[in-house]
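These notes concern the structure reproduced below.
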Amino acid sequence: MNYKETSSKPDLYVIARIIKALKEKNRMNKTALATSTGLAYDKLVKYLAWMSAKGFIVVDENGLVILTKDGAEAYDELVSWIMKYVGQLKFPRLRLRT
C-alpha cells in the first residue's frame with residue numbers, strides 16, 4: 001500500500017516533525033523515528049512512502065531513513081511559511097534515542 005491509496009493530503013506538521021528528527025539525528029531506523037516523532041509505526045510508513053516519492057528521504061540498504069538535501073530544503077521552506085503566515089511553530093517535544 002502506498003501513501004496515495006490512503007490520503008492525498010499529508011499533515012504538514014507531521015512532515016515537519018519527521019524531517020526535524022532526521023535533521024537532528026542524520027539517519028534513523030523506522031522504529032526509532034516513529035518513537036521520536038510520536039507516530040504509530042504504520043502511519044509513519046505511509047508518510048515515509050509519500051516523502052520518498054517526493055525525494056525528501058531515502059531508505060538505505062540497512063533500512064535507515066536518510067534525509068535528502070531536497071528534504072532539508074523543504075523543511076526550511078515549510079518552517080519559513082509557517083512562521084510568516086501562522087506566526088509560531090510548535091512541535092511536540094521529540095524524544096530522540098541515542
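Relative to the Cα centre, the charge distribution of the stretch 3-85, modelled as +1 at Lys and Arg Cβ and -1 at Asp and Glu Cβ, gives a dipole magnitude of about 180 debye.
For each of Y75, Y47, count neighbouring Cβ atoms within 10 Å of the residue's Cβ, then give the residues from fewest to most. Mind dumping the intermediate values first?
Working: Y75 20, Y47 23.
Ranking Y75, Y47 by Cβ neighbours within 10 Å, fewest first, gives Y75, Y47.
Ranking of T37, T31, T68 by neighbouring Cβ atoms within 10 Å, starting from the fewest: T31, T68, T37.
Pairs of Lys residues in the stretch 3-85 that lie 8 or more places apart, or on two chains, and have C-alpha atoms under 19 angstrom apart add up to 21. Across the stretch 3-85, the fraction of Cα-Cα pairs farther apart than 19 Å, rounded to a whole number, is 30%.
Where a number appears in this text, it was derived from the coordinates with a stated rule and is not lab data. These numbers come from a predicted model, not from an experiment. For neighbour counting, all protein chains shown are included, and Cβ atoms are generated from backbone atoms with ideal geometry for every residue, glycine included.
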